Amino acid sequence: MHASAVRCLVEAAVAAPSGNNCQPWRFAWDGHGLSVLFDRPRAASLLDVAHRGSWMALGAALENMDVAAGPAGLSLAPEVFPHGHDADVVAQVRVERAVPTPHPLQAALARRCTNRAPYRDAPWPPGARDDLLAVQAAGVTVRWTEDPDGIARAARAAAVNEQLLFAHHELHAGLVRWLRWSQGESAARRDGLPLGTLGIGRLEQTMLRAVARWPVARAANAVGFARFVRFRSGTNLRRSGAFGLLVARDDTPERWVEAGRLMQRLWLVAAARGLAFHPLTAIVLLVLRHRVCPGDFDAGQRRLLEAAQREIEAVFLLQPGEVPASLVRVGVAPPPPRAPRRPLGDVFAVAPPAR
């Protein structure tokens with residue numbers, strides 16, 4: 001099969017979400033199979049604990065490929081981690097010709113985007129709630145809260161991440177690395193977070209430019225800036241129709257890939273039904289980071305993360321052994337600008353797969 005036949009799969013895959021829009025992937029076609037490769041340097045982050053966030057992003061890419069395959073007359077047989085967890089090949093996908101079949105979520109691939117804005121108090125489209133509730137998987141499930149108190153508590157937990165982004169030097173550096181300050185920079189780099197995608201106004205953008213320098217952020221924190229960011233974020237996040245928590249039955253790389261696939265399916269369903277969607281994976285990964293590397297945080301930061309963990313566990317009734325994978329929020333809001341993607345020439349090669 002010629003590489004042009006699978007180009008649509010890669011186009012769909014690169015439309016997947018990733019932390020800070022870092023796009024930690026490459027793809028290689030050898031005539032029979034498509035290798036999905038982990039681009040480690042792009043993913044390097046305090047948040048990417050044992051690559052769990054990257055496994056979710058690559059799982060989302062696999063889900064997009066699956067959605068695009070049927071309409072293109074292709075069938076896919078993916079094998080996850082064929083060479084083990086330490087190899088760059090996250091999945092080897094056998095591709096074969098098939099009878100073209102429509103997919104109900106195909107159009108949502110182009111509409112899906114992160115909506116960080118406050119959501120409106122408006123009714124959901126008919127049937128949207130039932131469609132979201134129906135999205136589950138064998139090893140990962142989604143638990144929801146629409147209760148105002150549950151939403152407030154989940155928002156309070158998620159907002160801890162926003163405070164730490166400006167109070168923790170390494171997290172601050174990780175954020176600034178991926179901010180794109182102008183349309184020109186965004187067009188040239190084709191990755192990261194353009195300011196227009198952040199769901200903040202001009203005044204907040206001006207403040208963000210100032211505190212992008214760590215000495216300024218540190219000085220601002222002395223008068224409560226990071227705490228103010230948490231309060232402001234929590235207020236905005238409370239304006240949501242519902243919060244969900246993806247819960248995995250175990251903590252393996254395969255399960256995190258599955259969680260990424262499930263979250264992307266959920267997101268595409270939301271996009272297809274005209275709902276805004278906002279993944280809040282960072283707070284879950286920060287809680288995990290605190291658990292495995294508590295020395296990465298000072299005493300006050302540890303207390304914040306422990307409180308966030310308690311809130312998440314209580315709201316979503318987590319049981320021993322269950323693994324939270326990501327918070328998400330959904331609701332009604334106008335669509336925001338979309339973050340850019342790197343051109344296929346930067347990520348797609350026709351060559352033997354890396355080992």
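Where a number appears in this text, it was derived from the coordinates with a stated rule and is not lab data. What you are looking at is a predicted structure, and each value in this text was computed from that prediction instead of being measured. Cβ sites come from the backbone with ideal geometry, for glycine too, and all protein chains shown count toward neighbours.
Observations, loosely collected:
- Cβ-based charge dipole, region 10-59, positive-most Cα from Gly31, Ala57, Val10: Ala57
- Val93 long-range amide H proximity, modeled H, under 5 Å: Leu34, Ser35, Val36, Glu79
- Ranked Leu133, Leu9, Leu305, criterion: other C-beta atoms within 10 Å, fewest first: Leu133, Leu305, Leu9
- In Hz, Karplus ³J(HN,Hα) per residue of region 73-85 (6.51, -1.76, 1.60; θ = phi - 60°; x = Gly, Pro): x, 10, 10, 10, 10, x, 10, 8, 6, x, 10, x, 6
- Kyte-Doolittle mean at least 1.6, axial Cα span of 20 Å or more - DSSP H helices of the chain: none
- Gain upon complete extension [Met1, Glu185; 0.36 nm per residue less C-alpha separation]: 62.5 nm
- Note on region 113-331: dipole from Cβ charges, positive end direction compared against Ile312, Asn221, Pro126; the farthest Cα belongs to Asn221.
- When region 105-192 is reduced to its Cα atoms, the Kirkwood hydrodynamic radius in Å: 17.1
- Shown here are the Rg and Dmax of the Cα trace of region 113-331, at 17.5, 50 Å.
- In terms of surrounding Cβ atoms within a 10 Å radius of their Cβ, His278, His2 rank from fewest to most as His2, His278.
- In this Cβ point-charge picture (+1 for Lys and Arg, -1 for Asp and Glu), the chain has a dipole of about 1120 debye about its Cα centre.
- 5 angstrom amide H check on Leu280, placed H, neighbours 5+ away: Leu327, Val328, Arg329
- Using the rule -39500 (n - 2.57) for each DSSP H run of four or more residues, divided by the residues of the chain, the 222 nm mean residue ellipticity is -14000 deg cm²/dmol.
- Share antiparallel - DSSP beta bridges, the chain, percent rounded to 5: 90
- Order of Met56, Met207 under a 10 Å beta carbon neighbour criterion, fewest first: Met207, Met56
- For the chain, built as a Gaussian network whose Cα springs stay under 10 Å, the top-fluctuating residue of Pro337, Pro78, Pro123: Pro123
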